[in-house]
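S.K.: Got a structure for you, questions after.
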Amino acid sequence: MIKGDTLSILQADAAELVELCAAGDVEEAQHVASLIHADLGAKLVRYTEALEAHGISRPF
């Protein structure tokens, strides 16, 4: 389960990325995209570790 505040932050980050792309600021857009990617990667690691800790197979 993803918390509401986390979801809100991800949405705001994605909105910023869209704005940067629309403005043509590729360098900053790449930076924001890499931050989003790293954040989602960390969340996925925590998720899979929690599944493994409870003996639940990954659904992907």
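Bear in mind that the values in this text are calculations on the coordinates, not laboratory data. What you see is a predicted model, and the numbers here were worked out from it, not measured in a lab. Every residue, glycine among them, receives a Cβ derived from its backbone with ideal geometry; neighbour counts consider all protein chains shown.
S.K.: If you go through the stretch 17-29, how many residues are part of a helix (DSSP H, G or I) and surrounded by 13 or more Cβ atoms within 10 Å (Cβ to Cβ)?
M.R.: Here the count works out to 6.
S.K.: Filter the stretch 44-60 down to residues that are part of a helix (DSSP H, G or I) and surrounded by fewer than 11 Cβ atoms within 10 Å (Cβ to Cβ), then give me how many there are.
M.R.: So the count comes out to 5.
S.K.: May I pose another question? Please verify whether the stretch 20-31 includes one or more residues that are out of contact with any Cys (no Cβ under 9 Å at 6 or more places or on another chain) and on the phi > 0 side of the Ramachandran plot.
M.R.: Scanning the stretch 20-31 turns up at least one residue that is out of contact with any Cys (no Cβ under 9 Å at 6 or more places or on another chain) and on the phi > 0 side of the Ramachandran plot.
S.K.: I need the full set of residues from the stretch 31-43 which are surrounded by 12 or more Cβ atoms within 10 Å (Cβ to Cβ) and free of Cβ contacts under 8 Å to residues at least 40 places away in the same chain, in order please.
M.R.: Filtering the stretch 31-43 down to residues surrounded by 12 or more Cβ atoms within 10 Å (Cβ to Cβ) leaves 31-33, 35-36, 39-40, 43.
Answer for the stretch 31-43, where residues must be surrounded by 12 or more Cβ atoms within 10 Å (Cβ to Cβ) and free of Cβ contacts under 8 Å to residues at least 40 places away in the same chain: H31, V32, A33, L35, I36, D39, L40.
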